[in-house]
Amino acid sequence: MKETEKPRAEDKFCCISKLKVFLLALSLAFLGKTMSGAYMNSMYTQIEKQFNIPASLVGIINGSFEIGNLLLIAFVSYFGAKLHRPRIIALGCTVLSFGCLLISLPHFLFGRYHIESSISQRENFSVMPLCLVNQSSFSLPTEEPSTECEKEPGSLLWIFVMVGNIVRGMGETPIMPLGISYLEDFAKAENSPFYLACIHTATVVGPFLGLLLASFCAELFVDVGSVGPDEITITATDARWVGAWWLGILICALLNLLVGIPFWFLPKSLVKEGETNESEETSEKSVVPLQDNDKNETKQNMYEIAKDFIPFLKALFRNPVYMLFICITVLQFSAFDGMVSFMPKYLEQQFGKSASDAIFLIGVYNLPVLCVGYFSGGLFMKKFKINIYQAANIAFWVSLLEYLLYFAAYWTVCDTAPVAGLTVSYEGIEQVSYAENTLLADCNRDCDCSLKIWDPVCGNNGITYVSPCLAGCKSSRGTGRSVVFENCTCVAASGFSSQNVSAILGQCDEDENCDKMLHYFLILSLVCSFIFSLAAMPGYMVLMRSLKPEEKSFGVGIHGLASRVFAGIPSPIYFGALIDTTCLKWGTMTCGGEGACRMYDIVTYRWLYLGLPAVLRGVSYIPSSLILLILRKKQKSEKLVLLNAPVELQDKEQGAVK
């Protein structure tokens, strides 16, 4: 082969064409990056409790990934298209792996996780008085907290997680724009939707594996291997439980490092799929001008590459369909990102599930149908050769149907769990209170209890109390998780008639109706996910077909940039800040400061969590309608031109299309 010849798509690499090898490698890269992303999204609640930080700060950590992506996306999309794209993707996978490794580092620096408790070393006592008048034996220390807090190594270690997330975002940057544009450049037009469907399928399989891994890790205690089962006095459903969040991200680091290896051995460019050696000269003209068209282009300096940057940017800004599609993406992605980031927390708080169960249910009910929907949408686009106007119509109406079904989620609700002083009075009357002083009542006022600590017990009257002291319990028997608190005056004050007024560790279980509502919510989520995924491929093809061949790589990059700046970064932050406003009981840090939220007002939480995405998505149908109008007008004008053209020209154009 001559030095100036390009590698041909028909050349075999391990019995597979090089384009197919690239497709497989890119699918694995998408699987690795989405697996890491899904794992991190589902573990933010564990990180929140590990470092005792509010949901708004968790939102900042979540958004830091998009900041890392933002730092490079425009330059990688534009300059990367002129360089060796597979090797840049390989480098990105390596950086992504390093970011995952950095995220796990705080666990090894943090030391042992201390469970917030009103009684230290609970497992070592057999009979211990709890409610003693004018004593505070079970409150947090008042003289030593500052010293103890100084000794605590993990107060700011969450910064490592944030920096690791930034690095992870930087590493992920080249995978989508360069990978998609490489496929688009060298694939047949009729094969492109199917190849993109394969990529989107990988983006569903990856999160599915990530959620399964997260479910497994969340079931393990954070200090697994160094803490025995007998030392753990809480269960996985307890608000203070922290799973082994660091373990899965190490696995993700290894996977991303491995999937980047094949890209180092792939060529810089290929001949367009299906073209023969004889037509190679013609194929060079069809390959995107931004690619390696001749030997001299590889020697061009950065100035020559950059001189067309502003003209390309202006051309994109003057493309109405492209700009409106960015508006749709920002609104839809804001809603989607906020919901996904806090969905595990929503299932935990609304339906009383453990983090492990919540993550597992999200993965099982949503991701398989998303995979089927993406794949079906791609096959449909390929089989019927849908044009851009038809694709826009399909995406609009299918998405609108799913949006209307979404509102049924407001009816899948659970009754508020009764917690004395927070959601009910000590007499059992329903009343939501955000004030701390409502935790005190006549039955515990003389006990000198700490109001800061969250150490819930379930009375045999079915009401949860914030701590054994606030339940008015005078004694206890048993050890470890089997401790029973007895002579609880507040349990008796609720009108519960029994000789034995006692309480056990943990919150009271949700009623059976709550499990039924959870299944309704998950089934509704399954149906909505499937319908939405059917609209995803037609919608994405509207984006790709609205761009000229030479604009695709840069256009996809700017599209990703906008979605991160206006959606990916701010969305988790304001979602988290709004969720924080619904907190009824905050946890306490070692030094006495405010920690992570332990319990929320689930009614207000539900309205905010479901209502904000509904508003954002509703607004997105305004630019969607405008795109339909523009494409319809464009299609009509093209038909008029065709009708007014000479018959010979019509025949020639129709033959070219065929």
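The values are calculated or read from the model by the stated rules, or taken from the named source; none is laboratory data. Keep in mind it's a predicted model, so treat the numbers as computed, not measured. As a convention, Cβ positions derive from the backbone with ideal geometry for all residues, glycine included, and neighbour counts pool all protein chains shown. Ligands, DNA and RNA are excluded from the accessible area calculation, which covers all protein heavy atoms including side chains. Shrake-Rupley method; radii C 1.70, N 1.55, O 1.52, S 1.80 Å.
Peptides 487-493, 381-387, 603-609 ranked from most to least packed by the mean count of surrounding Cβ atoms within 10 Å: 487-493, 603-609, 381-387.
If the convex hull of the alpha-carbon atoms of the stretch 436-478 is projected onto planes in all directions, what is the mean projected area in square nanometres?
Values: hull surface 13.4 nm².
Answer in nm², one decimal: 3.3.
Loop-located GluC sites (Glu not before Pro) across the stretch 185-239 with a Cβ neighbour count of 14 or fewer within 10 Å are E190, with loop assigned by DSSP. With only Cα atoms counted, the stretch 436-509 has Rg and Dmax values of 11.2, 31 Å. D by Stokes-Einstein for the stretch 457-606, Kirkwood Rh over Cα pairs, 4 °C, 1.567 mPa s: 62 µm²/s.
Distance from the Cα centroid of the stretch 244-262 to that of the stretch 368-435 is 31 Å (rounded to whole angstrom).
For the stretch 396-436, backbone nitrogen atoms closer than 13 Å to the point 7 Å from F384 Cα along Cα-to-C-beta are found at 396-398.
Cβ neighbours within 10 Å, averaged per peptide: list 102-113, 367-378 in order, most packed at the top. Each step should come with its number before you reach the end.
On the way: 102-113: 17.6, 367-378: 21.0.
Peptide ranking by packing, descending: 367-378, 102-113.
The alpha carbons of the stretch 24-75 stretch over 41, 24, 11 Å along the principal axes, in descending order. Placing R0 at 41 angstrom, the Cβ-Cβ distance between E638 and V615 gives a FRET efficiency of 0.65 after rounding to 0.05.
Taking θ as phi - 60° and the Karplus parameters 6.51, -1.76 and 1.60, the scalar couplings of the stretch 192-197 work out to 4, x, 5, 5, 5, 5 Hz in sequence order, x denoting glycine and proline. Per-peptide packing, taken as the mean over residues of other Cβ atoms within 10 Å, places 578-589, 168-179 in the sequence 168-179, 578-589 from highest down. For the listed residue pairs K18/K82; K516/K585; K272/K382, the alpha carbons are over 22 angstrom apart in K516/K585. Per residue, the average separation of C-alpha pairs within less than 8 Å and at least 6 apart gives the stretch 436-509 a relative contact order of 32 percent.
Subtracting the Cα-Cα distance of L109 and D415 from their residue separation scaled by 0.36 nm leaves 106.1 nm.
Rolling a 1.4 Å probe over the protein heavy atoms gives the stretch 436-509 an accessible area of 41 Å² per residue. Full extension of the chain between L405 and E190 gives 74.1 nm of extra length, using 0.36 nm per residue less the Cα-Cα distance.
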